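Working notes, structure below.
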Amino acid sequence: MDCDGSDCELLLVITGELDNAKWIEILNKIAEKGKPAHLDLNGCTVPSTASDGSIYYSEDGIHGTFDPRNVTEGEDGKALIKTLKLPEMTFFIPAGTADNYAFKDFTKLQSITGNRVVHVRGFAFYNLKALEEVDFPNVDTILTSAFEGCVALKEVDFPNVAGMDTHVFVGCINLKTVNLPKYFWVDGDERRAIHPSLFEGCSNLESIDIPLITFIHPGTFKGLTNLKTVKFDNLTVLEPATFIDCINLESVSMPLITTIYEGTFKDLTNLKTVDFPNVTVIGDEAFMGCTNLSSISFPKVEVINPNAFAGCTSLIEVSFPSATRIYEGAFKNCTSLTTAIFHAEPEPTSYDAPFNGHPLGPWLENHKGPHPGGHFTNEIILFAVDAFRGCVNLEVLDVRNAWNVYFGTGALADIGNHLDIYLYDDIGKPYGGNKSFGHPQLEPFLGGTWGEEDTDYSTIGVSLESINIYVPNIDSMMVDNVNIYTDGDSGGNPDDLGAGYRGIEASIIAIYNHIFNKTHGNSVGIPAVNIISPIPE
């Protein structure tokens with residue numbers, strides 16, 4: 001215990017029974033030296049005469065409670081303890097209040113270790129402004145405000161905590177990382193959630209990994225302006241306002257989420273990577289304005305709603321293997337986007353299934369055809385109004401699995417001078433007799449809610465000067481009647497550009513002539529169309 005240098009710190013290792021008298025002796029010696037102390041009580045045991053008024057006691061002779069409040073002497077010594085290892089058999093840190101809590105006088109305590117601590121009760125370390133590290137590997141319950149106001153606490157790693165009460169980390173302004181692999185709080189609707197007050201005021205929190213929760217209440221992350229990484233392996237519901245203040249959020253992983261609601265990540269300009277392997281629907285403006293979003297993974301998305309990725313200027317390539325509905329402005333002004341891949345494959349349904357929701361429903365109901373598979377789902381990919389408008393670097397649109405592709409007004413406007421389009425291979429798929437069940441078509445759809453009567457076709461792709469259309473087999477592939485709706489009514493009669501059969505090259509060129517030249521009185525230049533076959537590897 002000798003320490004005579006001006007910069008030295010005390011190292012004390014204490015063993016044997018820890019009664020009140022021994023505790024007072026330790027504190028007095030620390031105060032006498034006047035030096036910061038590192039106190040190791042790991043080898044101490046509960047005195048046989050201890051009671052609930054002792055510094056260290058046990059109600060059952062096994063599970064110890066360490067309560068420094070039970071000895072009022074030695075305040076000066078407590079204030080010099082810098083690190084503390086609790087007695088080996090300490091299981092409980094007792095409850096207190098904001099005015100009277102277990103470690104109230106430990107004003108310089110930076111680190112505390114308790115290998116067997118299982119319960120940290122209310123206000124235990126309240127307002128300990130020097131506390132930086134807590135090592136309780138077996139703690140399973142932490143109660144109200146236990147670490148509230150611990151402004152120096154930087155990391156929380158409680159691998160066995162299952163339950164935490166309210167306000168546990170309120171005001172921990174320097175807390176940066178949280179790892180709580182077994183934590184969840186059961187809310188009033190019996191959902192596993194994070195208590196909304198748990199991280200209130202933790203303005204420097206950067207990383208959260210809480211795998212067991214299934215729900216996050218709106219406002220849970222309010223004010224967490226430095227949050228960068230979140231991972232929730234079992235979250236099933238993500239509310240729209242969850243990350244409203246998280247302006248520095250960079251990475252999100254939520255493997256069980258199926259819907260991203262309107263505006264959930266809107267204008268989070270530092271968001272770079274997202275991982276949502278089971279999302280099927282992306283809501284309006286969900287990622288709008290995420291200017292640093294560069295990597296996305298949405299293997300099951302079927303619907304991309306209006307402006308979902310508008311203004312995501314760092315996106316370079318997008319791949320949606322299941323998406324068939326890409327609505328208004330979905331990728332508008334994604335100025336770095338070069339490649340867009342949509343590989344949803346048609347799936348047969350029963351012959352008598354209605355075409356509810358199908359863009360050409362009324363017409364298709366009267367032209368069901370003889371094919372035994374009946375109707376098909378996902379056979380049409382719809383790029384609605386302004387879907388890719390302003391994607392000035394878009395070079396490749398790969399829709400090779402789609403039966404039909406529809407473009408709304410302005411879907412390909414202002415995308416640059418050249419575009420490669422990869423079309424569907426329908427060779428060898430039976431459609432009764434010797435006909436294949438479908439054919440590649442590129443048609444603008446201007447009926448119902450997707451367009452208006454007399455819409456100007458010239459805005460569909462006005463900037464294009466040349467188009468390469470890649471098809472599997474130009475010699476054997478045939479196209480049935482080429483239909484383009486122009487009357488603003490999905491149930492009306494299409495303009496027929498040819499009766500019977502046409503070779504694919506003639507048909508596609510006819511379609512593009514129609515798209516770029518039928519302008520209801522206006523005239524536009526028609527881009528050069530090159531048909532290339534077979535599709536390169």
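The values are calculated or read from the model by the stated rules, or taken from the named source; none is laboratory data. Bear in mind the structure is a predicted one, so any value in this text is a computation, not a measurement. Positions of Cβ are backbone-derived with ideal geometry, glycine not excepted, and every protein chain shown enters the neighbour counts.
Brief remarks on what is shown
- Phe243 modelled with pLDDT under 95, among the hydrophobic types (A, V, I, L, M, F, W, C) and more than 27 Å from Leu397 (Cβ to Cβ): yes
- Test set (1) in contact (Cβ under 8 Å) with a residue 24 or more places away in the chain; (2) within 26 Å of Tyr261 (Cα to Cα); (3) among the basic types (Lys, Arg) - Lys182 fails condition number: (2)
- Flag if Gly96 is of a type in the set (Gly, Ala, Ser), outside the structural domain of Pro196 (by TED's automatic domain parsing) and closer than 30 Å to Pro196 by Cα: yes
- All conditions but one from (1) assigned to a loop (DSSP other than H, G, I, E, B); (2) surrounded by fewer than 19 Cβ atoms within 10 Å (Cβ to Cβ); (3) not hydrophobic (A, V, I, L, M, F, W, C) apply to Gly43; the one that does not is (1).
- Residue in the range 67-83 that is touching a Lys or Arg at 6+ places or on another chain (Cβ under 8 Å) and acidic (Asp, Glu) present: no
- Test: residue in the range 181-190 that is more than 22 Å from the chain's Cα centre (by Cα) and at pLDDT 95 or above: no
Matching residues to (1) surrounded by fewer than 24 Cβ atoms within 10 Å (Cβ to Cβ); (2) within 22 Å of Tyr183 (Cα to Cα); (3) at pLDDT 95 or above:
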site	(1), (2), (3)
Gly96	yes, no, no
Gln110	yes, no, yes
Phe125	no, yes, yes
Ala130	yes, no, yes
Val139	yes, yes, yes
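- Residues within the range 23-35 that are buried (at least 17 other Cβ atoms within 10 Å of the Cβ) and either without any contact (Cβ under 8 Å) to a residue 12 or more places away in the chain or assigned to a loop (DSSP other than H, G, I, E, B) (or both), tallied: 1
- Elements of the type strands (runs of 3 or more DSSP E) sitting completely within the range 232-304 and holding at least 1 residues that are out of contact with any His (no Cβ under 6 Å at 6 or more places or on another chain) and under 22 Å from His343 (Cβ atoms): these cover 273-275, 295-297.
- Number of positions in the range 46-82 that are in a strand (DSSP E or B) and either hydrophobic (A, V, I, L, M, F, W, C) or farther than 17 Å from Ala124 by Cβ (or both): 4
- Residue check, Leu212 buried (at least 21 other Cβ atoms within 10 Å of the Cβ) and either in the same structural domain as Ala162 (by TED's automatic domain parsing) or over 13 Å from the mean Cα position of the chain (by Cα) (or both): no
- Residue match in the range 411-425 (condition: touching a Ser or Thr at 6+ places or on another chain (Cβ under 9 Å) and at pLDDT below 75): no
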